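Since the structure comes first, as structure tokens, the remarks are kept for the end.
The values are calculated or read from the model by the stated rules, or taken from the named source; none is laboratory data. As the structure is a prediction and not an experimental result, all values here were calculated from the model. All Cβ positions, glycine included, derive from the backbone under ideal geometry; neighbour counts span all protein chains shown.
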Amino acid sequence: MSVDIDVVNWRMEEADETIVLTLDVAGQRANALSSTVLEEFDRILGQIESRPLQGLVIRSAKVNGFIVGADVNEFQKIVDSTQAAALARAGQTVFNRLAGLPFPSVALIHGNCLGGGLELALACTYRIAREDEATRLGLPEVRLGIHPGFAGSVRLPPLIGDLAALDLMLTGRTVSARQAFALGLVDETVPERHLLNAAHAFIARHPHRRRATWWKRAPSWPFLRQPVFRLLQRQLHKKANPDHYPAPYRALDLWRRAASQEEEALSLGELLVGRTSRNLVSIFLLGEELKRNGRRNPHGIAHLHVIGAGTMGADIAIWAAFKGFRVSLQDQQPEALARTVKKAYGFYRKKLKKPVAIQNAMDRLMPDAGGNGLRRADLVIEAIVENADVKRGLFRTIESIVRPGALLATNTSSIPLEVLGEALKDPSRLVGLHFFNPVAQMQLVEIVRGKQTSDSALERARAFTVAIERLPLDVRSSPGFLVNRVLMPYLIEAMTLAQEGIPIEQIDQAATRFGMPMGPVLLADTVGLDICLSVAEMLSGPLGISVPDRLREAVERGDLGKKSGRGFYVFDRSGRPRHRAVRGHTDTPVIERLILRMLNEAAACLREGVVDDPDSVDVGMVFGTGFAPYLGGPMRYAEALGEVGIASSLRRLAQEYGPRFEPDEAWARSDLLTHHTVPRS
Ligand code: NAI
């Protein structure tokens, strides 16, 4: 029987004195807890709480999951910490009402159950999860620069123990249904078809709710709390700088103080309007925007054919098969195919665990020395040696074999699409799909538009990229596209500093202190100095970049970085660089030179229209290189510094170090630099 209540996002059915409440947020792919959704939930609870019911079941109608969390779009409209705390308090009040119902409640969890979604489930008497790998539970708030705010930090420790709760809150990692059951986070895991029956059974039996055993709660004993706090704080310091990422420190402090819900709300309020959270939320929303862009059109791709099973082609093929595509992989060297199959097996075993799933993924990835897959392919990605003539020859052959509707793509880092397109009768179906190394870790893919590339080719390329869970960023075919072009002056400046005698450890430390995931010298060694040299040489003509002698000499000697055991650093057998201790700091001039060269190049890209707007630079550099996420990307950082200040610092550096620091004309054109699609604080 369906029950009448004036709400748009919830469906309510009643049978045998049990209410089944289904969340289906109108017009959205996923359920997020907006103020409206919470307000409707509150009204529903108000209507049912005084009725003589047996129980309440809460579930989601969305295929992709239960609830992804609070509605992040609303965060950007918050003006001050008081308003932010009020938002948290409102959520707490509704969830307290849920927790206080006089009859048992059950959350039926499938897919994503994250942040506020898990906090809702925590306020239920029981939690039952669908037992598959797609079910993920967690409190990833720290990734947006905040901590739980709907009483999650208060409800979680008594349920699963203090250390497990802190682990989830401080790292933001998610767990599978199986892990959640082992932790005590859910009461049972069942297959999809048994979910509702399991909920009814729990309501009928009404067993004691789960609680952590006494030893799991031992860290909260008064005489242990302080030492545990200090230990965890020390561990946290190794992972995150509190000035850049205060949220996990706040969450830990709430635990140390055994804080109340009100204290949680106040702390959340302060974090939500702070710089870090504003920037992380903005980057998150920009990433979501790229995904939405890619989902507008179908890709029409079932079979992918990759040519070149080297560093990149192999990883692209392995990844696409992992994400469900049928992939044939061609290489002229049979050993390269054999290596890829071995690598794929190791990767799938680690990621998929279950033998059937591993076997299915292996079945989707077909080594294809003869190139038979070309005839059936809907998309061909070329990832062979970086040589225009060889690639052109290959594209000529490809075009003579593939179906007329097949999309053709190249992973080239440096050859203009127009040059490769010359080989084709129909260059409008050629697009660049520029992946980053390693493919499994780097989320960004640059979608390269040549002069002749058609809109439909771009749309399909974007849609495919999203389908393999990567972020498609549109860039124009020009030297280095966006990411390599902006990164290269930064890497070159680091090598120039090293050439001037500044210890490489000191250069790298300046960058990691600034918030980069890895210093530029170590990054160059990791990417491979031969690759750096070829990109630097490719950019040296069009951008006037001069290639440092030290880089050239290292490559001539065969010192290629991590892969050869020696580059700027010397690497041990397990691939770790040997460091010398850094004495003293000269961070300011070092970091100023590194970052300003990057910002200057980013401004030039905007002036030339390599990407459309500053948001694209930001999202590209954060997801393509890990540029300090707490700063929200290079252009957002530039906005905080001020264009006038940047231009005058560049002029000062140009006087001291040479014309490579001359400010780009773009700094005088705020129309180019301050257009933001997502509203900024
Ligand atoms: P690689 O040298 O590791 O692999 C190239 C593979 O292609 C080799 O296995 C080779 O046997 C095969 N091959 C060459 N000619 C072939 C042909 N005619 N037919 C079939 N197979 C052929 O090269 P890598 O590093 O994977 O680069 C491939 C492409 O990806 C290049 O265009 C490069 O610019 C681009 N790229 C490379 C990145 C990197 O970090 N290595 C990053 C992004 C793009």
Q. What residue, among those in segment 251-274 that are in a helix (DSSP H, G or I) and within 23 Å of the chain's Cα centre (by Cα), is farthest from residue 78 (Cα to Cα)?
A. 251
Q: Return the total of residues in segment 308-341 being within 21 Å of residue 465 (Cα to Cα), more than 10 Å from the ligand (Cβ to nearest atom) and either surrounded by fewer than 20 Cβ atoms within 10 Å (Cβ to Cβ) or at pLDDT below 95 (or both).
A: 3
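A quick yes/no check of all residues on (1) of a type in the set (Ser, Thr, Tyr); (2) more than 26 Å from the chain's Cα centre (by Cα); (3) in a helix (DSSP H, G or I); (4) within 21 Å of residue 595 (Cβ to Cβ):
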site: 456; (1), (2), (3), (4): yes, yes, yes, no
site: 461; (1), (2), (3), (4): no, no, yes, no
site: 466; (1), (2), (3), (4): no, no, yes, no
site: 469; (1), (2), (3), (4): no, no, no, no
site: 472; (1), (2), (3), (4): no, no, no, no
site: 480; (1), (2), (3), (4): no, no, no, yes
site: 487; (1), (2), (3), (4): no, no, yes, yes
site: 492; (1), (2), (3), (4): no, yes, yes, yes
site: 498; (1), (2), (3), (4): no, yes, yes, yes
Q: Could you check residue 448 against (1) crowded, with 23+ Cβ neighbours inside 10 Å; (2) within 25 Å of the chain's Cα centre (by Cα); (3) not in a strand (DSSP E or B) and say which number it fails?
A: (3)
Q.
Going residue by residue through segment 383-406, is there one that turns out to be in a helix (DSSP H, G or I), away from the ligand (no atom under 14 Å from the Cβ), surrounded by 21 or more Cβ atoms within 10 Å (Cβ to Cβ) and of a type outside the set (Asp, Glu)?
A. no
(Q) For segment 516-528, give me each residue that is more than 16 Å from the ligand (Cβ to nearest atom), outside any helix (DSSP H, G or I) and either surrounded by 19 or more Cβ atoms within 10 Å (Cβ to Cβ) or free of Cβ contacts under 8 Å to residues at least 12 places away in the same chain (or both). (A) 516, 519
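The rows are residues; the columns are (1) without any contact (Cβ under 8 Å) to a residue 12 or more places away in the chain; (2) within 23 Å of residue 125 (Cα to Cα); (3) assigned to a helix (DSSP H, G or I).
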site: 27; (1), (2), (3): yes, no, no
site: 53; (1), (2), (3): no, yes, no
site: 66; (1), (2), (3): no, yes, no
site: 87; (1), (2), (3): no, no, yes
site: 98; (1), (2), (3): no, yes, yes
site: 107; (1), (2), (3): no, yes, no
Q: Considering only segment 117-204, give the helices (runs of 4 or more DSSP H) lying wholly within it that have at least 3 residues that are touching a helix residue (DSSP H, G or I) at 6+ places or on another chain (Cβ under 6 Å).
A: 152-160, 162-171
Q: Have a look at 180, 204 and point out the one that is among the aliphatic types (A, V, I, L, M) and within 29 Å of residue 34 (Cβ to Cβ).
A: 180
(Q) Just to be sure I understand, how many residues within segment 327-367 are of a type in the set (Gly, Ala, Ser), under 16 Å from residue 309 (Cα atoms) and in contact with a helix residue (DSSP H, G or I) (Cβ under 9 Å, 6 or more places away or on another chain)? (A) 3
Q | Given (1) surrounded by fewer than 18 Cβ atoms within 10 Å (Cβ to Cβ); (2) at pLDDT 90 or above; (3) more than 16 Å from the ligand (Cβ to nearest atom); (4) over 28 Å from the mean Cα position of the chain (by Cα), index of the condition residue 571 fails | A | (1)
